[in-house]
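Please read the structure below before turning to the comments.
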Amino acid sequence: MTVTRAIREHLPAPLARTAGAVRRRLRGLRYSYAQLPAFPPVATTPVRMLVGPTNSAGQGHTWSQAAKTLPDVDAVSFALHRKGQFAFKSDYGVPLAWFGQPRWQRAQQKYVVENYTHVMVESLRPLFGARGFSDASADIEAMVARGINVSLLFHGSDIRLPSRHAKRERWSPFTPGDELTERLEPQARRHAELVASLQLPVFVSTVDLLDDVPDATWLPVAIDPAPWQQAAQPLFAGAKPVVAHVPSNAKLKGTQEIDAVLTQLHESGRIEYRRITGVPHERMPSVIGDADIVVDQLRIGLYGVAAAEALAAGRIVVSYVGDAVRHRVRSLAGREVPIVEADPDTLGDVVCGLIADRDAAAERAAAGPEFVAELHDGRRSAEVLSSWLTKKETL
């Protein structure tokens, strides 16, 4: 019998249980650390890019893949893996428990600063682990000191100012005193202040965010269209039109209003409504490909990854995009967004109109795959990244 075990057996029962739990937890951490994958091998290309740590909707990884299509460029994606969240592809990552471990933090910092010429920091989140900092400022300072070209990337709520959004959007989900608004407002203000002080290149993944960061560059979301196209079924092949909605963020998407309208149409027998939850991302192409109409969101005034995926599948996508976003895409890319416009007041009439004139609806859907191929299959993203990646520094 070990001394530790002998001591534990003489402790009061509650303390003994606590001590045992702590011991098992520490043993689990040691085991987990031993099982962590090695850092990815480092390429010999002149330009070596790393992006992380949020990998929101898998975009960090898809952008890194897009960057690798450029001459003399290699790229790696890093992601913090959170328990209970669906995992998207990344080149490497660590669980949250290890994000706070000093040994891993030192190894991560050494790996990054000694090997990469360019680092894209997502959402201003720390890249070198949870070291007591609320943002990535300290990590950025360390990288810049080593001559690394650092840029910032924002996905949405990390930089979108709720009070500004509420003023410009009639259907904004942000209201004073609301818990989400009160949490996001100070974060967005703090991040905007850091953007101004850091003076680094800034990218945003959706064009609506140019209202919040006017000097940023639009980096289009990127997807692999092939799985979505391969899983797509012919439109309106079933007994009833299938209308799907994926409430990934119910408040921001306006799921309450969407549910109310589509449930009523379902109960009246006009459609089959499918509210999609708990489906891993790798299974989503077949789920979306089995729908005729996909209702994305009715509150924010944008389109993002989920809409692009449904467009790639040739679905009829309904969402509140807004005139400003449509105008910006037209101005920046010369393309019309092939999403059917709707808001909380018009959703029912819009869906009924689509199922009443199915030929016209199918014609609208047919424009989706071409739109995605033009803007969101990674090639346009690579073009945008190329202007930053050509500005390399000598390590």
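The values are calculated or read from the model by the stated rules, or taken from the named source; none is laboratory data. None of these values were measured; they are calculated from a predicted model. All Cβ positions, glycine included, derive from the backbone under ideal geometry; neighbour counts span all protein chains shown.
Before moving on, here are some points about what is shown:
- Residue count for the stretch 254-274, restricted to those that are outside any helix (DSSP H, G or I) and within 25 Å of Arg170 (Cα to Cα): 1
- Check on Ser205, more than 24 Å from Val337 (Cβ to Cβ), touching a residue at least 12 places away in the same chain (Cβ under 8 Å), touching a Phe, Trp or Tyr at 6+ places or on another chain (Cβ under 8 Å) and among the small types (Gly, Ala, Ser): no
- Taking strands (runs of 3 or more DSSP E) as the structural unit, those lying wholly within the stretch 102-219 and holding at least 1 residues that are outside the structural domain of Asp343 (by TED's automatic domain parsing) and of a type in the set (S, T, N, Q) correspond to 149-154.
- Hits in the stretch 323-349 (condition: among the charged types (D, E, K, R), part of a helix (DSSP H, G or I) and under 19 Å from Glu370 (Cα atoms)): Arg326, Arg328, Arg330
- For the stretch 85-113, a residue qualifies if it is under 29 Å from Ala306 (Cα atoms), of a type in the set (S, T, N, Q) and buried (at least 20 other Cβ atoms within 10 Å of the Cβ), and exactly one does: Ser90.
- In this entry, Leu219 is excluded by the filter for residues that are crowded, with 20+ Cβ neighbours inside 10 Å, touching an Asp or Glu at 6+ places or on another chain (Cβ under 8 Å), touching a residue at least 40 places away in the same chain (Cβ under 8 Å) and more than 20 Å from Asp357 (Cβ to Cβ).
- A single entry from Arg106, Arg125 fulfils the requirement of being over 16 Å from the mean Cα position of the chain (by Cα) and at pLDDT 90 or above: Arg106.
- Residue within the stretch 213-225 that is modelled with pLDDT under 95 and aliphatic (A, V, I, L, M) present: no
- Hits in the stretch 45-81 (condition: under 17 Å from the mean Cα position of the chain (by Cα) and farther than 20 Å from Gly304 by Cβ): Leu50, Val76, Phe78, Leu80, His81
- Selected residue (only one of Trp228, Trp171 is in contact with a Gly (Cβ under 9 Å, 6 or more places away or on another chain), farther than 24 Å from Lys89 by Cβ and either among the aromatic types (Phe, Trp, Tyr) or surrounded by 17 or more Cβ atoms within 10 Å (Cβ to Cβ) (or both)): Trp171
- Scanning the stretch 66-81 for residues that are more than 18 Å from Phe39 (Cβ to Cβ) and surrounded by 18 or more Cβ atoms within 10 Å (Cβ to Cβ) yields Ala66, Ala67, Leu70, Val73.
- Asp357 vs. criteria modelled with pLDDT of 95 or more, more than 20 Å from the chain's Cα centre (by Cα), charged (D, E, K, R) and more than 30 Å from Ala145 (Cβ to Cβ): yes
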